[in-house]
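The values are calculated or read from the model by the stated rules, or taken from the named source; none is laboratory data. Please read all numbers here as calculations on a predicted model, not as lab measurements. Note that each Cβ is placed from the backbone with ideal geometry, even for glycine, and that neighbours are counted across all protein chains shown. For the accessible areas, the whole protein counts, side chains as well, though only heavy atoms, and no ligand, DNA or RNA atoms are used. Shrake-Rupley method; radii C 1.70, N 1.55, O 1.52, S 1.80 Å.
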Amino acid sequence: MGFFDNLKIIGEAVGSLNEMAAEVSKTTLEDYGEPEYYLYTALQLGEMHRRIDVTDEKDSLKYYTQSSIFALKGKTEIMDADGNVIAHLEKRPISLHEKHFVTMADGTSFTLSNELFHIIKDITNIEGLGWQLQGNIIGLTFNLLDEKGQPVARVEKSAISVHDKYSMGIYQPDKEQIVVAIVIQLEKMIEARNENGD
């Protein structure tokens, strides 16, 4: 198989993922309507520890990440704009799989697994919450549904940004911090996977 054949296959795969992402977004709006409001994540370029900021629709800082100096420990704190810890993220190797643990400031805890990356379009449960990720997880375009199947958030990559930037359409404002923690943990998992060439 030649170079151009490989490019064609890659192009078709990307096109397919984009089509799935558009379908997820369209279906969400048709089924649930517009979210209450949006938040946005953005990687701060040049940051030694790859800080991620979360801003509101007025571009005001709402949350940011603070990572440990030793990448192997994989520890990250999510802080609010006032510097209060709202969540602690940590990855630990367990048997053959990496587990990613999230502990919120109120003690709520849940787990995400690298097995998520075997899924292009599917439904994945979040251990400990009873929530589901539904859609294209690798492309970070999905719906978050609560234990009753009601929408918590719609997450998708922003088409208006050159850098990786994601929008979170929030349907349940009281779950905002958990949504932020899930999206940041998924971003970090995908980043680690890309760096490892998986």
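Here are the numbers for the structure shown:
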quantity: Members of region 135-153 that are under 20 Å from Glu191 (Cβ atoms) and not in a strand (DSSP E or B); calculated: Ile137, Ile138, Gly139, Leu140
quantity: Region 104-115 - residue that is open to solvent by 10 Å² or more (accessible area, probe 1.4 Å) and farther than 18 Å from Asp174 by Cβ and, of those, modelled with the highest pLDDT; calculated: Thr111
quantity: Any pair with Cβ under 7 angstrom, 6 or more apart, that starts in region 27-49 at a residue that is open to solvent by less than 70 Å² (accessible area, probe 1.4 Å) and ends at one that is assigned to a helix (DSSP H, G or I) and modelled with pLDDT under 85; calculated: Thr41/Glu187
quantity: Odd one out for Lys58, checked against (1) surrounded by 14 or more Cβ atoms within 10 Å (Cβ to Cβ); (2) modelled with pLDDT of 90 or more; (3) out of contact with any Leu (no Cβ under 8 Å at 6 or more places or on another chain); calculated: (1)
quantity: Qualifying residue in region 28-51 (condition: under 20 Å from Ser167 (Cβ atoms), in a strand (DSSP E or B) and at pLDDT below 85); calculated: yes
quantity: Members of region 137-171 that are modelled with pLDDT of 90 or more, polar (S, T, N, Q) and open to solvent by 30 Å² or more (accessible area, probe 1.4 Å); calculated: Gln150
quantity: Unmet requirement for Leu133, which otherwise passes all of (1) modelled with pLDDT of 90 or more; (2) open to solvent by less than 60 Å² (accessible area, probe 1.4 Å); calculated: (1)
